[in-house]
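The values are calculated or read from the model by the stated rules, or taken from the named source; none is laboratory data. Values in this document were obtained by computation on a predicted structure and should not be read as measured data. Quick reminder, even Gly has a Cβ in these numbers, built from the backbone with ideal geometry, and neighbours come from all protein chains shown. These area figures cover heavy atoms from the full protein model, side chains too; ligands, DNA and RNA do not enter into them. Shrake-Rupley method; radii C 1.70, N 1.55, O 1.52, S 1.80 Å.
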Amino acid sequence: SIQQVNAQLQRVADAQNVRGVVFILREFDAGLATLQNLRAAILRLRAAGKEAIVYTPYLDMAHYYVATAADLIVVPPSSRFEVLGLYTETTFLKDSLERVGLSAEVVQISPYKTAFDRFSRSEMSPEHRRQLNWLLDDQFDMITTGMATGRNLSQAELKVLIDQAPLTPDKALEKGLIDHIAYDDELAGRLGSRM
């Protein structure tokens, strides 16, 4: 659990005989709150004077957001920078319910109260669309601000690179999105020589 990870990282931060941590991020699927929590834990570790290195073959939005909290990002030659943005999906069930003889009776107090739209509408209302766009824009702003800060880039520079994605590891290295390219079996040797 994220609580166990936080507790373990606090023990590492308090340990006098530990210089840093290598995080190997592989195919995790987590919500934004969990990603923020993990990213904050890495930043706390760094604030305690420990080095944080992330090795990941995945450079999608979730992995890269967490990785940018680290001092160094190392990826294999097979990876690709694929931070492509955010999206959301909404399923509307009104037509399906009608096919089986059901309908939902919904009292809507405001056009912005859309919790039961999925049962009472066949498509998204303009107000629902505005809310989702606002939410996605706000989250994208928060995520790209964190990423840009972690890589010493401006948010505008990062957004330009996101618009150019996908990028090869060499291009990502050239643009400052990552720090090193190495296979996982080379990682120990490279860390030993301080890369």
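Here are some notes:
- The set of residues from the stretch 163-181 being of a type outside the set (Gly, Ala, Ser) and either touching a Ser or Thr at 6+ places or on another chain (Cβ under 7 Å) or outside any helix (DSSP H, G or I) (or both) comprises Pro166, Leu167, Thr168, Pro169, Lys175, Leu177, Ile178, Asp179, His180, Ile181.
- Out of Glu174, Glu186, Glu157, one residue alone is over 20 Å from the mean Cα position of the chain (by Cα) and open to solvent by 80 Å² or more (accessible area, probe 1.4 Å). It is Glu174.
- Scanning the stretch 144-154 for residues that are buried (at least 17 other Cβ atoms within 10 Å of the Cβ) and in contact with a Gly (Cβ under 9 Å, 6 or more places away or on another chain) yields a count of 2.
- As for the stretch 110-133, it holds no residue that is under 27 Å from Arg26 (Cβ atoms), open to solvent by less than 80 Å² (accessible area, probe 1.4 Å) and either at pLDDT below 95 or aliphatic (A, V, I, L, M) (or both).
- Every residue from the stretch 69-80 that is open to solvent by less than 20 Å² (accessible area, probe 1.4 Å) and either at pLDDT below 95 or assigned to a loop (DSSP other than H, G, I, E, B) (or both): Ala69, Ala70, Pro76, Ser79
- Answer from Val83, Val66 - the residue that is open to solvent by less than 50 Å² (accessible area, probe 1.4 Å), of a type in the set (A, V, I, L, M) and either farther than 26 Å from Asn133 by Cα or not in a loop (DSSP other than H, G, I, E, B) (or both): Val66
- Here Glu51 meets the list (1) open to solvent by 30 Å² or more (accessible area, probe 1.4 Å); (2) within 21 Å of Leu177 (Cβ to Cβ); (3) modelled with pLDDT under 90; (4) not β-branched (Val, Ile, Thr) almost entirely, failing just condition (3).
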